[in-house]
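Chemist: Take this structure, written in structure tokens, and hold onto it; I'll ask about it next.
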């Protein structure tokens, strides 16, 4: 089955009050558990930008390391959820569940697959 990346931008959850984050986290974990129970869960996590350490780096084609996002980057990923489902429609259904749980829009993209060139 094809795998789909469901993701949202780094600042997509900035509108959520801090006191609601525990509820949002619980809702997101519930969607992950539902996907796991359905046998379609591959991976899910959020990306850290605020821990003070430079964890994000870009290695250019000349092997030069740039700490932080690539200078031309316009968007950074805030969180990802990967599912292994038979159709785009199924991926969109999971994206809708993630959107409700995380209270923000989700981007859905299909992986090319291991045999793609």
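Chemist: Answer yes or no: is there a residue in segment 54-68 that is at pLDDT 95 or above and in a strand (DSSP E or B).
Modeler: No: segment 54-68 contains no residue that is at pLDDT 95 or above and in a strand (DSSP E or B).
Chemist: What are the residues in segment 74-98 that are in a strand (DSSP E or B) and over 13 Å from the mean Cα position of the chain (by Cα), if any?
Modeler: Within segment 74-98, 84 is the sole residue that qualifies.
The values are calculated or read from the model by the stated rules, or taken from the named source; none is laboratory data. Computed from a predicted model, the values in this text were never measured in an experiment.
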